[in-house]
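Read-outs throughout are calculated quantities, based only on the coordinates presented, and are distinct from any laboratory measurement. This structure is a prediction, so every number in the text was calculated from the model and none was measured. Here the Cβ is made from the backbone with ideal geometry for all residues, glycine too, and neighbour counts use every protein chain on show.
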Amino acid sequence: MILILVKHQRWLPWGMLIVSFLGFLDATYLTVKHYRGDGVRCSITSGCEEVLTSQYATFFDIPVALLGGLFYLTLLILSIVYLDTRRDSVIKFASYITIVGFGASIYFVYLQMFIIEAFCQFCLLSALASTLLFILGMLVLSSRKNNSPMDNPPDKENNATSDSHSQ
């Protein structure tokens, strides 16, 4: 399955773009709510307010959601730059950054589960987004390890062979 995903790797930067955009929207929503002083109501879980007002919701008086927004915005911009320039170093750098987001997500889910003992659906959505970005990033790095360029068009020789068989 993974081999198939890596083989058809042109979608990976697009996947990173879409997931980072969704993560950015989620983090921006929470950041705006924080600075406005508005409560966040959960519709799926019941612990949003408890999680978002806990001592773990800020880092040196900066909302963790704002840091998450910067993380997602960085990946969003790098995805756009890669899609525009096709520079492998850009998508490779973005892939390494996903490790940080994944590590942070593991930590914050741990806090929700064992320390705060409450869950915030928006925080879990962010954890899902950063996990998906991590998986996509590792698939990108795996494809680079195998020295297969992301945007290699199909071999013309193979197309000619395929065309003659289909006739």
- Task: State to the nearest 20 debye the size of the charge dipole of the stretch 1-130 about its Cα centre, where the only charges are +1 on K and R beta carbons and -1 on D and E beta carbons.
- Result: 560 debye
- Task: Give the value in nm², to one decimal: projected area of the alpha carbon convex hull of the stretch 10-143, averaged over all directions.
- Result: 8.1 nm²
- Task: Please give, to one decimal in nm, the separation of the simple spin-label points placed at GLN55 and ARG41, each 7 Å out from Cα toward the Cβ.
- Result: 3.1 nm
- Counting sequence-distant residues (5 or more places) and residues on other chains, those with an amide H built under 5 Å from that of THR58 are VAL64
- Projecting the Cα atoms of THR85, LEU52, LEU141 onto the charge dipole of the stretch 10-143, where Lys and Arg contribute +1 and Asp and Glu -1 at Cβ, the residue farthest towards the positive end is THR85
- Query: What ranking of VAL19, VAL81 emerges when the number of other C-beta atoms within 10 Å of each C-beta is taken as an exposure proxy, fewest first?
  - Reply: VAL81, VAL19
- Based on the Cβ-Cβ distance from ARG10 to ILE106, what FRET efficiency comes out when R0 is 25 Å, to the nearest 0.05? 0.30
